[in-house]
1. Please tell me if Val161 is in contact (Cβ under 8 Å) with a residue 40 or more places away in the chain, in contact with a strand residue (DSSP E or B) (Cβ under 8 Å, 6 or more places away or on another chain) and within 16 Å of the ligand (Cβ to nearest atom).
2. Can you say whether Ile54 is over 17 Å from the mean Cα position of the chain (by Cα), more than 16 Å from the ligand (Cβ to nearest atom) and either buried (at least 16 other Cβ atoms within 10 Å of the Cβ) or over 30 Å from Ala18 (Cα atoms) (or both), as far as the supplied structure shows?
3. Quick test for you: out of Ile20, Ile38, Ile3, Ile54, pick the one residue that is closer than 29 Å to Arg94 by Cβ, touching a residue at least 40 places away in the same chain (Cβ under 8 Å) and of a type outside the set (D, E, K, R).
4. At least 1 residues that are crowded, with 21+ Cβ neighbours inside 10 Å and away from the ligand (no atom under 16 Å from the Cβ) in each: list the helices (runs of 4 or more DSSP H) lying fully within the stretch 65-136 that qualify.
5. Condition first: β-branched (Val, Ile, Thr) and touching a strand residue (DSSP E or B) at 6+ places or on another chain (Cβ under 9 Å). Can you find one or more residues in the stretch 70-84 that meet it?
6. Would you confirm whether any residue within the stretch 207-228 is within 11 Å of the ligand (Cβ to nearest atom) and part of a loop (DSSP other than H, G, I, E, B)?
7. Which condition number does Ala170 fail, the rest of (1) surrounded by fewer than 22 Cβ atoms within 10 Å (Cβ to Cβ); (2) in a loop (DSSP other than H, G, I, E, B) being met?
8. Is there a residue in the stretch 14-28 that is more than 19 Å from the chain's Cα centre (by Cα) and assigned to a loop (DSSP other than H, G, I, E, B)?
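Read-outs throughout are calculated quantities, based only on the coordinates presented, and are distinct from any laboratory measurement. All of these numbers come straight from a predicted model, not from anything done at the bench. Every residue, glycine among them, receives a Cβ derived from its backbone with ideal geometry; neighbour counts consider all protein chains shown.
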Amino acid sequence: MIIASNFKTNYTRGSAKAFIKEIQTFVSHTKSEQNVRIFAPFTALDRFDEIQNIKVGAQNFYPIQSGSYTGEIGFEQLEEFGIDTVLIGHSERRHILKESQSFIAAKYDFAKAREVEIVYCIGEPQEIRMQGIDAIMSYLWEQFEGIDIHYDRLVIAYEPVWAIGTGLSASLEDIEEVLTRLQEKLSAPLLYGGSVKVENIESILNVKACEGVLVGTASWNEKAFCEMIRIADTVKK
Ligand code: 13P
């Protein structure tokens, strides 16, 4: 399964390095079978020791190799560190940074052309959730506009906006219902994200269609993130 941490706007270069080192040590000592992803801030990217199953990825990039986009990070800057996995479509970028679906699709095409793993995030806000499953699914399908769902390095993260950073995870039934419906049209692995923590990761990973998690807040603690990886190793699917 994929157990991913999204650092968002947290950790410095120094503290991220220490975190990554601790996770690497834990994963190699326990011989964990999880595919661990750590989406660090740009300033913390580096060439880290290669530990099987662990990849440090980028939370964002501008869809250009290099050029004149003041303040942005192009692919050349990611390639310097061998970045092989990127987040695209996170709700914070859609809603706070106002990224449009067409811009998100441009980023997707760009990353796909570079053959990197794409963790593509989708999720509905609270007002859509209240309208029921049909409204939720049509909202989610719109987030696939311009996206090649057959890309073989695609991973999808379903992260309901109302569950992100609120401590209020979606119910297991809600997760199962959405992931099962997504599975009808998608063959990519499906992750869940939104207030995943040590206390609920086991039951979430036991949802049949769920192949991993994307964790924010609760992963910003080395011990807790290691514990989540350990719990994932006990879940047999
Ligand atoms: P939280 O785990 O803090 O809810 O964040 C989830 C998320 O946005 C991961 O990308």
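1. On the way: in contact (Cβ under 8 Å) with a residue 40 or more places away in the chain: yes; in contact with a strand residue (DSSP E or B) (Cβ under 8 Å, 6 or more places away or on another chain): no; within 16 Å of the ligand (Cβ to nearest atom): yes.
In short, no.
2. no
3. None of the other options fit; the residue is Ile3.
4. In the stretch 65-136, the matching helices (runs of 4 or more DSSP H) lie at 75-79, 101-113.
5. Yes, some residue in the stretch 70-84 is β-branched (Val, Ile, Thr) and touching a strand residue (DSSP E or B) at 6+ places or on another chain (Cβ under 9 Å).
6. Looking through the stretch 207-228, at least one residue is within 11 Å of the ligand (Cβ to nearest atom) and part of a loop (DSSP other than H, G, I, E, B).
7. Every listed condition holds for Ala170 apart from (1).
8. no
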